[in-house]
Amino acid sequence: MPQKITRSFRELVAEADAAVRTLDVGEAIALHGNEDVVFVDLRDIREVARTGTIAGAHHVPRGMLEFWIDPESPYHKQVFAEDKTFVFYCAGGWRSALAAKTAQDMGLRPVAHMQGGMQAWIEAEAPIDPPRERKGR
């Protein structure tokens, strides 16, 4: 018997958008470079390899986010223990909405996510760290 999905991804994203601060690209650009703000790139490594990242952003694979945030996890990353504002982004804004809500639910504050994601950032011609050459190529 096929699965019966009762809540769509669009519903989950809408709930996350309603629960966390959502920045448009202009607001995110205004925060960029502030020493109290950390940009968190949730995209897959292949996406990062194609476009680079927002200048100075921390790349966090989406599947590791909860483990990197939690100080009790053996995978904890110190950046998430800092008293900063965390701005999550992905390619278009769906994964970042879900991730920001999860981070907020875990107690990380303040958090936000960038609507439009990396695509909006590129279109705004905002600063990026270009893709790095992969080793062995």
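The values are calculated or read from the model by the stated rules, or taken from the named source; none is laboratory data. Keep in mind that this is a model prediction, so the values were computed, not measured. Every residue, glycine as well, gets a Cβ built from its backbone with ideal geometry; the counts of neighbours run over all protein chains shown. Heads up: the accessible areas ignore ligands, DNA and RNA and are worked out on the full protein's heavy atoms, side chains in. Shrake-Rupley method; radii C 1.70, N 1.55, O 1.52, S 1.80 Å.
For this structure, a couple of remarks:
- Here the spin labels are modelled as points 7 Å beyond Cα on the Cα-Cβ line, and at Asp36 and Ala49 they lie 3.9 nm apart.
- Using the Karplus relation 6.51 cos²θ - 1.76 cosθ + 1.60 with θ = phi - 60°, the per-residue 3J(HN,Hα) values for the stretch 66-71 come to 4, 6, 6, 6, 6, x Hz, with x marking Gly and Pro.
- Scalar couplings 3J(HN,Hα) for the stretch 72-82, obtained by applying the Karplus form with A = 6.51, B = -1.76, C = 1.60 to θ = phi - 60°, are 7, 7, x, 9, 3, 10, 4, 4, 7, 8, 7 Hz; x denotes Gly and Pro.
- Long-range lysine pairs (8 or more apart or interchain), the chain, Cα under 25 Å: 4
- Gyration tensor (alpha-carbon) shape descriptor, the stretch 35-101, a/c threshold 1.5: prolate
- Added length on full extension, which subtracts the Cα-Cα distance from 0.36 nm per residue, Arg21 to Arg7: 2.8 nm
- Nonlocal amide H pairs with Phe88, under 5 Å, H built at 1.01 Å: Val40, Ala112, His113, Met114
- Over the chain, accessible surface divided per residue gives 62 Å², non-protein components excluded, 1.4 Å probe.
- The chain, helix-only ellipticity at 222 nm - DSSP H runs n ≥ 4, -39,500 (n - 2.57), divided by all residues, nearest 500: -10000 deg cm²/dmol
- Shown are Ile54, Ile45, Ile128, whose ranking by accessible area with a 1.4 Å probe and every protein chain present, most to least, is Ile45, Ile128, Ile54.
- Note on Thr85/Ala14: beta-carbon distance plugged into 1/(1 + (r/R0)^6) with R0 of 25 Å gives a FRET efficiency of 0.65.
- Estimated vicinal HN-Hα couplings, Hz - the stretch 29-43 in sequence order (Karplus 6.51, -1.76, 1.60; Gly, Pro = x): 4, 5, 7, 4, x, 6, 5, 9, 10, 10, 8, 10, 8, 9, 6
- At the residue level, Met64 shows approximately 60 square angstrom of accessible surface with a 1.4 angstrom probe and all protein chains present.
- Applying both filters, DSSP loop and at most 11 other Cβ atoms within 10 Å, to the trypsin sites (Lys or Arg not before Pro) of the stretch 1-40 gives Lys4, Arg7.
- Two-decimal Rg/Rh across the chain, once Rg and the Kirkwood Rh are taken from alpha-carbon atoms: 0.99
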